[in-house]
């Protein structure tokens, strides 16, 4: 797909959902529904073993398309995944150790492996989500075969390692890998570092100073960078916002924590996005709880500007300015070395899932971006790239 961020990530994409005989096959109805919600047409294919776990009729219902359980004279594998085939992506989820090893060896004895052989020969995008017992996943031959699949250009969705099982990844994670597979890789090979959300500065043993930032903008920028092929690291208060899927997450709390984490990664970063509402002031914290019931004076000291400490390192920096004078502040920041773009917005945007931004880039372009922050993230990356 191109970079039109107004479209759903999988809009107009045809995805063959190939299901093998893992108990995780019971999750494929929900997976099919989510792929369709994201705009995809889903074509279900099941191995004979998968049909023993879940009824083909269930997937036919979930996908709104007849489920293929055997190859017929219509040569379904060629129709969808052969040269000039109609599918944009082959998604094998879940995939057993048996299927992984067969595909890696070119063995072709089930509907799923036949689709895979055809798709590999065509060179079309393939995403595979393993699911099996942990001991099987750690088998040297399985590990080697997964590496072989990667060498074929197949994207492997890391499983969840818990309860002695390599469980199939979360549906959101699988969908993000599918979106990445069919998205123009404008950030391929780039290492993107994003600071996101609010910081919390200690006032006393129970109180903190913070902002209304929700972390949504940073999260959406990270997910969009992942879709476009980047290696992404997010620095944020994960205890408040949770982890962003598919990226490396570094937990922090205060502005000092965030600065330390970002600066430690600066030498291995190509693009830094300063989407966090980093504290501008740090209070002189009391060791114990300040008694309530009477006025209190807090002494606030200015915190060093993190973005200034990254300039001159050869990193492309994307900044944010918020406030009534955000536009003039953005244009002033653009004059600094290494600033690639600055997004200006009004304070009412903070803490909201939507907003309106004006994006200024170094070459003098100005882009208006409004709507939900997922759309804005796409427009910001479009403007920068």
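Odds and ends about this structure:
- Subset of the range 201-243 [more than 13 Å from the chain's Cα centre (by Cα) and closer than 20 Å to residue 345 by Cβ]: 210, 211, 212, 213, 214, 215, 236, 241
- Only a single item in (1) surrounded by fewer than 17 Cβ atoms within 10 Å (Cβ to Cβ); (2) modelled with pLDDT under 95 is not met by residue 5, and it is number (1).
- Residue 374 assigned by TED's automatic domain parsing to the domain that holds residue 203, more than 23 Å from residue 262 (Cβ to Cβ) and out of contact with any helix residue (DSSP H, G or I) (no Cβ under 9 Å at 6 or more places or on another chain): no
- Matching option when the condition is more than 20 Å from residue 308 (Cβ to Cβ), in contact (Cβ under 8 Å) with a residue 40 or more places away in the chain and in contact with a strand residue (DSSP E or B) (Cβ under 7 Å, 6 or more places away or on another chain), among 230, 239: 230
- Selection of the range 323-354 for residues being within 19 Å of residue 383 (Cα to Cα), without any contact (Cβ under 8 Å) to a residue 40 or more places away in the chain and touching a helix residue (DSSP H, G or I) at 6+ places or on another chain (Cβ under 7 Å) yields 339, 342, 343, 344, 345, 354.
- Members of the range 99-147 that are touching a strand residue (DSSP E or B) at 6+ places or on another chain (Cβ under 6 Å) and surrounded by fewer than 18 Cβ atoms within 10 Å (Cβ to Cβ): 133, 134
- Unique match (being closer than 30 Å to residue 191 by Cα, surrounded by fewer than 14 Cβ atoms within 10 Å (Cβ to Cβ) and at pLDDT 95 or above) among 316, 268: 268
- Those strands (runs of 3 or more DSSP E) of the range 148-200 in which at least 2 residues are modelled with pLDDT of 95 or more, crowded, with 21+ Cβ neighbours inside 10 Å and under 13 Å from the mean Cα position of the chain (by Cα), considering only elements entirely within it, cover 191-195.
- The range 335-349 - residue that is more than 18 Å from residue 270 (Cα to Cα) and surrounded by 17 or more Cβ atoms within 10 Å (Cβ to Cβ) and, of those, modelled with the lowest pLDDT: 349
- When we screen 301, 353 for residues that are at pLDDT below 90, surrounded by fewer than 14 Cβ atoms within 10 Å (Cβ to Cβ) and touching a strand residue (DSSP E or B) at 6+ places or on another chain (Cβ under 8 Å), the only hit is 353.
- Any chance residue 252 is in contact (Cβ under 8 Å) with a residue 40 or more places away in the chain, in contact with a helix residue (DSSP H, G or I) (Cβ under 8 Å, 6 or more places away or on another chain) and within 26 Å of residue 289 (Cβ to Cβ): yes
The values are calculated or read from the model by the stated rules, or taken from the named source; none is laboratory data. Note that this is a predicted model, so its numbers are computed, not measured. With ideal geometry, Cβ positions are generated from the backbone for all residues, glycine too; neighbour counts draw on all protein chains shown.
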